[in-house]
1. Which of the residues that make up segment 37-90 are at positive phi and under 26 Å from the mean Cα position of the chain (by Cα)?
2. Regarding residue 475, is this residue under 30 Å from the mean Cα position of the chain (by Cα) and crowded, with 21+ Cβ neighbours inside 10 Å?
3. Going through segment 391-412 one residue at a time, which ones are more than 30 Å from residue 245 (Cα to Cα) and either assigned by TED's automatic domain parsing to the domain that holds residue 428 or surrounded by 14 or more Cβ atoms within 10 Å (Cβ to Cβ) (or both)?
4. Consider residue 334 against the criteria (1) over 27 Å from the mean Cα position of the chain (by Cα); (2) surrounded by fewer than 19 Cβ atoms within 10 Å (Cβ to Cβ); (3) at pLDDT 90 or above: it satisfies all of them except one. Which criterion is unmet?
5. Filter segment 286-310 for residues that are within 16 Å of ligand 1 (Cβ to nearest atom), buried (at least 16 other Cβ atoms within 10 Å of the Cβ) and over 20 Å from residue 401 (Cα atoms) and give the result.
6. Might you check whether a residue that is within 16 Å of ligand 2 (Cβ to nearest atom) and under 24 Å from the mean Cα position of the chain (by Cα) occurs anywhere in segment 217-231?
7. Only one of these is crowded, with 17+ Cβ neighbours inside 10 Å and modelled with pLDDT under 90: 42, 14. Name it.
8. Would you please name the residue that is farthest from residue 348 (Cα to Cα), looking only at residues in segment 311-324 that are in a helix (DSSP H, G or I) and within 12 Å of ligand 1 (Cβ to nearest atom)?
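The values are calculated or read from the model by the stated rules, or taken from the named source; none is laboratory data. Note that this is a predicted model, so its numbers are computed, not measured. Here the Cβ positions follow ideal geometry from the backbone for every residue, glycine too, while neighbour counts run over all protein chains shown.
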Ligand SMILES: Nc1ncnc2c1ncn2[C@@H]1O[C@H](COP(=O)(O)OP(=O)(O)OP(=O)(O)O)[C@@H](O)[C@H]1O
Ligand SMILES: [Mg+2]
């Protein structure tokens with residue numbers, strides 16, 4: 001087994017034990033130690049542009065985590081022996097069920113084929129999106145789209161869809177290598193630099209990277225593009241929003257490290273290349289497609305449709321006893337506008353805290369809040385009087401949904417404070433408003449025209465504000481879940 005296969009095995013075991021897959025930085029440590037356990041943490045830190053302290057701390061947590069999963073104490077110098085012993089035992093058990101002609105190689109192949117790749121979002125509870133997947137696959141196969149951008153608010157299902165697409169494309173081609181990076185949760189600013197990531201991808205692909213390559217980003221870029229042109233890969237660039245910054249002059253977003261732009265442009269210009277890139281992002285990036293805009297496609301992701309919402313509850317094991325229970329689930333789905341992470345969290349809550357009893361959940365945690373919001377939305381007038389708690393109606397929602405939304409709002413606050421302020425103010429209105437009405441508030445805050453336009457642009461680029469046409473007027477409204485959390489932030493404004 002090569003390192004990638006071992007990582008797949010470990011991630012599979014982690015998920016079987018209910019733990020999350022290894023994060024990027026954990027995978028780096030695992031990979032380095034697996035390949036050479038005598039390499040010091042300092043060396044690993046330097047080669048991967050991390051601080052030694054981060055590597056040491058994360059490594060010690062990682063060994064504890066893996067010790068729990070394998071049921072044996074794992075340390076840096078024991079990693080290989082423990083995993084190999086585990087494999088040996090599994091193979092022996094498996095061989096009992098195999099006929100004698102099944103060789104180790106056959107077992108290995110079967111094992112890998114059964115296992116998942118290092119998926120973060122896609123899992124067995126997947127529902128729907130068939131048409132969307134079909135159309136994206138057609139874009140790749142027929143229209144020759146090379147870069148797909150999945151754009152939408154947090155928790156809507158971008159990462160899961162990227163992984164699902166990978167799975168489908170791999171099944172078709174049977175040879176796609178997955179290279180990926182997730183820019184969320186990186187504790188080292190340098191991690192986002194193109195050269196660090198390119199170096200890592202090349203290493204993962206067993207391509208030699210020399211010190212000269214590392215000194216010259218142009219060489220590194222060419223080496224990576226040459227490799228992915230000759231070897232069909234799917235590259236998933238996840239949570240791109242973290243490596244974008246505001247262009248002060250024009251108010252749009254651009255890559256902090258311009259090397260990313262050069263890489264994407266060079267990739268787009270390769271006409272004979274079978275690899276593809278899927279980018280997931282909450283914030284729309286600058287368009288780098290230049291002369292190759294046919295190869296660059298943006299797909300907006302919205303929530304699950306009504307039937308998919310009910311299918312998701314069913315898939316998670318929630319059975320409705322009567323029409324009333326079905327209607328509770330439909331009302332939840334509608335108020336949350338099909339927000340995937342939220343509905344999944346609620347389904348899990350019904351299943352675990354209420355033994356699958358929808359009515360009990362509804363009475364205890366759904367009814368009051370949903371009815372309040374429905375009433376507010378029906379009246380559609382004036383301002384919110386009372387805080388909505390859609391994002392924090394129970395502690396599961398608080399930990400899973402509110403946590404992610406807060407991260408988005410904190411990022412926005414740092415990226416463009418006036419956009420954050422505008423979002424908070426907009427959350428106080430129930431009725432959609434025109435752009436000029438909303439921007440009037442920023443005039444009161446002393447903003448100039450450029451700041452106002454840039455704030456509005458940032459909200460649009462984050463998909464935090466929806467366009468709405470009524471009587472030939474363009475109006476803007478917030479997603480219910482976004483309004484719910486933004487109003488809480490509004491109340492905390494100085
Ligand atoms: N079609 C689907 N069917 C079932 N579950 C889904 C579907 N799409 C997404 N999910 C689940 O919804 C949750 C949120 O999805 P995901 O993490 O992909 O969101 P995201 O848009 O990438 O969010 P973020 O911007 O915070 O990274 C995950 O638990 C995922 O498994
Ligand atoms: Mg994601």
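1. Hit for segment 37-90 is 49, nothing else.
2. In short, no.
3. Of everything in segment 391-412, those that are more than 30 Å from residue 245 (Cα to Cα) and either assigned by TED's automatic domain parsing to the domain that holds residue 428 or surrounded by 14 or more Cβ atoms within 10 Å (Cβ to Cβ) (or both) turn out to be 393, 394, 396.
4. Answer for residue 334: the failing condition is (1).
5. Hit for segment 286-310 is 299, nothing else.
6. No, segment 217-231 contains no residue that is within 16 Å of ligand 2 (Cβ to nearest atom) and under 24 Å from the mean Cα position of the chain (by Cα).
7. 14
8. 311
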